[in-house]
Amino acid sequence: MTAFLGIAACNQAKKTILPTGDNSRNAVDWPGTYHGVLPCADCDGIPAQLRLNSDQTFSVIEKVGQGNDNIQSSGTFAWDKNGGRITLQQADARLHVKSYIVGENVLIPLDHKGQVADTTADRRYSLMKDPGGLTEKYWKLTELNGQPVTIGEHSREPHMILKEEGARVHGNGGCNTFNGTYELKEGNRIRFSKMATTMMACLDGGDVEAHFHQVLEQADNYSLNGDTLTLNKARMAPLARFEAVYLH
């Protein structure tokens, strides 16, 4: 991809995004996972997820092309001398964005000249920080299509865990383990892909497992209320309900 177009809003973005009296490095709660759309010279935008860790390491995924093509990279990042911008180091050369302005709960992509990438008044091209609570938890499946989930004598507890690193999901359907990837977007949208499962014969719980896998295929949004998570399709009734368990 070629260079992004810079715009005159760069100076204004610095004034409105960066805190006064301090810099982003020491005054902003910047560690976390960010999601959004990055600019693209010859497409409408690139969905991306970037994880910044407190030890100045990162992991990033850019979804490009058709299907499930991804560019994944990890390494360390460096702050500029003013503490307002970061640059990803040891990063995959194919990444479309390697530098960002760091603001409160937002990362603003920069082009190779250090300018704010072409954008609009609604700051479409930005990565917003995940408020937390969805990832790195053991989510126990408690309800499917409005019906309580019961665990058979020979079944395991159906559950899933969404890992921040690499945007991976893994769990168990009641008999077989599964794994894959997930993608989060603004508006509590979620999509699971590249799902794979073991093929063990199940003495019981097969129906629960089959319906659980169907939910992961169909879900396009989620709702999170404390320790309760629901996966939904459009505005229909919840497909599945989960409760967070903290002892696993």
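No value in this document is a laboratory result; all are computed from the given coordinates. Given the structure is predicted, the values throughout are model-derived calculations rather than measurements. Neighbour counts are summed over all protein chains in view; Cβ atoms, including those assigned to glycine, are modelled from backbone coordinates with ideal geometry.
Below is a table of values for the structure above.
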{"item": "Separation of the Gln90 and Asp207 label points, Cα + 7 Å toward Cβ, nm", "result": "5.1 nm"}
{"item": "Tyr138/Cys43 FRET efficiency (R0 45 Å; Cβ-Cβ; nearest 0.05)", "result": "0.75"}
{"item": "Ranked list, fewest to most other Cβ atoms within 10 Å of each Cβ, for Val64, Val102", "result": "Val64, Val102"}
